[in-house]
Amino acid sequence: QSLPFESRPFASYGTALHIDLPQPPRAGQRLAIEIDYEAGEGPGGSGAGRGDRGTEGTEGPGEPQVCWLAPEQTAGKQKPYMYTQGQAVLNRSFFPCFDTPSVKCTYSATVKVPEGFTAVMSATSWEKQKDNTFVFKMSHPIPSYLIALAVGDIVSADVGPRSRVWAEPCLIEAAKKEYDGVIEEFLVVGEKLFGPYVWGRYDILFMPPSFPFGGMENPCLTFLTPCLLAGDRSLVDVIIHEISHSWFGNLVTNATWGEFWLNEGFTMYAQRRISTEVYGSAYTCLEAATGRALLRQHMDTTGEDHPLNKLRVVIEPGLLGVNPDDTYNETPYEKGYCFVSYLAHLVGDQSKFDAFLQAYVNRFKFQSITADDTLGFFLEHFPELKEKGVDSIPGFEFDRWLNTPGWPPFLPDLSPGQQLMEPADELAELWAAEGLNMEAVEAVDITAWRTYQLIYFLDRVLQKSPLPEGNVERLSKMYPKISKAQNAELRLRWCQIILKNNLEAEYSKVKDFLHSQGKQKYTLPLYRAMWGGSESAQALAMETFSAAAPQLHVNVRNYVKQILGLEVAK
């Protein structure tokens, strides 16, 4: 029978669908409701709204998250592409749902696409039927934000016993080469630490270059930026973060976006545990130090006492509440990581804390929980700590961690990273000196330095820039590993150094990098640096943007226009 329905105001970022049932249902009664709907362009065109870590702001109200890309926004430049981005509250513009992480459900979908296109979804089973129709099923309950669809000219290649990479045909060889065998290694370590990987497959979809984010942990099928295809496996550890979400976030989920640290703080901790097992503690501490620097940068920019700089953020519907999408920043990741590290510090024994994490996942799997559930379980698991009253140690009270904005009261010890940081600090000092001591410089061999050590070195050089006359040119010649890198993290920093030193001879590298990808985290800082630089740098910004604009995601395009003082289309 047909049911009366209406759309009612809900919040600044969406309305609510109300359906009248013929009679009040009994608790536990199953209902089948069919909703016939159509999703189209909403205000602002094809928006997506997930701010990457370390970027400012995300999309405004009412942005749909079904992204339609023109051929020039893809790697192959031949065919269009579409994808969805559900986190945080954006899947409501894709299908009618309870768009909150507190509700979990299984789903199935039938997707018909044109000839020559393939559909993929975050699902445990995937079947191609006749007439270009694909049938998907997710057999485990997940929150609505993890349901994702992509359609394009995409192909796949196996890279492990339960993993394949998906990409446009022109990227598939590079993707296979970069990830062959590595995903399984990370999964096995994750399972050893946190318990069984329940999702069956772990596949990766390399998105078109205009994808504005780093990664999105859609279950069974992580969406990743193609910037991670460095050609030398130097960025594969970034995937560890998305893999860690398989336990923290996707299996045990924050019940509200106001406690996003339950997803991200635990995932950062898990990522660094896996990284320590695979790469050792020195390298992991160096990576964590770059994370801490990002947190410092963020808090300096916003002010420590900004209400978003606490772990429990007030998000309420209605015009006064915060849109969950506007709460993305470093705090839930890095301050959350510090709080989880503090809990480990209270336990004082890594293997006992590892066992706790496994018990925690097992206790709350397929559920959505609050920080009170997490901390209650922690104290229950360690009755001797509960007895000691560790939740209320002055200055480190659990309540203070959750509800007081500002710098974390406890910082984990990152000193094992010193052995990698010191040589990088010393080398940066040498390059910043007036009379360049080439003998001392040549005595330092950087051939064995891995990505984060190079990043740390370049961040130091950038801090000391502009360098004395001629030094940057010599640095460029001396280290082709850096100045000719394919690795996006190194390219970003080298471009920043070029601009800070106004090295016009290498401006083309800035242009090439901005043409090659559209990730928000790389694109905005470079336009800011150009716009804040010399006249020739400002001209480079305008020239680059006029050529690269069509391949950028609409949000990123608008952010760049704001930086360059151009009119943003309403």
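What the table below lists for this structure:
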{"item": "Whichever residue in region 75-127 is among the small types (G, A, S) and in a loop (DSSP other than H, G, I, E, B) and, among such residues, is farthest from Q551 (Cα to Cα)", "result": "S102"}
{"item": "Selection from region 521-539 of residues that are open to solvent by 10 Å² or more (accessible area, probe 1.4 Å) and not basic (K, R)", "result": "P525, A529, W531, G532, G533, S534, E535, S536, Q538, A539"}
{"item": "Test: residue in region 119-135 that is touching a Cys at 6+ places or on another chain (Cβ under 7 Å) and either crowded, with 22+ Cβ neighbours inside 10 Å or under 21 Å from E34 (Cα atoms) (or both)", "result": "yes"}
{"item": "Failed condition for A488, given (1) among the aliphatic types (A, V, I, L, M); (2) within 22 Å of the chain's Cα centre (by Cα); (3) open to solvent by 40 Å² or more (accessible area, probe 1.4 Å)", "result": "(3)"}
{"item": "Any chance L21 is under 30 Å from M82 (Cα atoms) and either in a strand (DSSP E or B) or at pLDDT 90 or above (or both)", "result": "no"}
{"item": "Inter-residue pairs, beta-carbon under 7 Å, first within 30 Å of E72 (Cβ to Cβ) and in region 138-167, second of a type in the set (D, E, K, R) and surrounded by fewer than 18 Cβ atoms within 10 Å (Cβ to Cβ), 6+ apart", "result": "G152/K79; D153/K79; A157/K176; V159/K176; V159/D180; R164/D158; V165/K176"}
{"item": "Residue within region 32-52 that is in contact with a strand residue (DSSP E or B) (Cβ under 6 Å, 6 or more places away or on another chain) and modelled with pLDDT of 90 or more present", "result": "no"}
{"item": "Pairs, first within 17 Å of Q87 (Cα to Cα) in region 221-245, second of a type in the set (K, R) and outside any helix (DSSP H, G or I), C-beta under 7 Å, six or more apart", "result": "T225/K519"}
{"item": "Residue list for region 325-357, filter: farther than 14 Å from T267 by Cα, in contact (Cβ under 8 Å) with a residue 40 or more places away in the chain and aromatic (F, W, Y)", "result": "Y328, Y342"}
{"item": "Condition check for S415: on the phi < 0 side of the Ramachandran plot and not assigned by the TED database to the domain that holds V313", "result": "yes"}
{"item": "Candidates N487, N501 - the one that is closer than 27 Å to D232 by Cβ and at pLDDT 95 or above", "result": "N501"}
{"item": "Long-range neighbours under 7 Å by Cβ, at least six apart or interchain, first residue of a type in the set (V, I, T) within region 550-570, second open to solvent by 60 Å² or more (accessible area, probe 1.4 Å) and part of a helix (DSSP H, G or I)", "result": "I563/R528; I563/W531; V568/Q562"}
{"item": "Some residue of region 386-400 being open to solvent by less than 10 Å² (accessible area, probe 1.4 Å), over 24 Å from G249 (Cβ atoms) and part of a helix (DSSP H, G or I)", "result": "yes"}
{"item": "Test: residue in region 391-404 that is in contact (Cβ under 8 Å) with a residue 40 or more places away in the chain and within 30 Å of R450 (Cβ to Cβ)", "result": "no"}
{"item": "Boolean, A355 is open to solvent by less than 20 Å² (accessible area, probe 1.4 Å) and under 27 Å from F260 (Cα atoms)", "result": "no"}
{"item": "Failed criterion for I172 (all others in (1) open to solvent by 30 Å² or more (accessible area, probe 1.4 Å); (2) free of Cβ contacts under 8 Å to residues at least 40 places away in the same chain hold)", "result": "(1)"}
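The values are calculated or read from the model by the stated rules, or taken from the named source; none is laboratory data. All values derive from a computational prediction rather than experimental measurement. No Cβ is skipped: glycine too gets one built from the backbone with ideal geometry, and neighbour counts run over all protein chains shown. These accessible areas exclude ligands, DNA and RNA; they are computed on the full protein's heavy atoms, side chains included. Shrake-Rupley method; radii C 1.70, N 1.55, O 1.52, S 1.80 Å.
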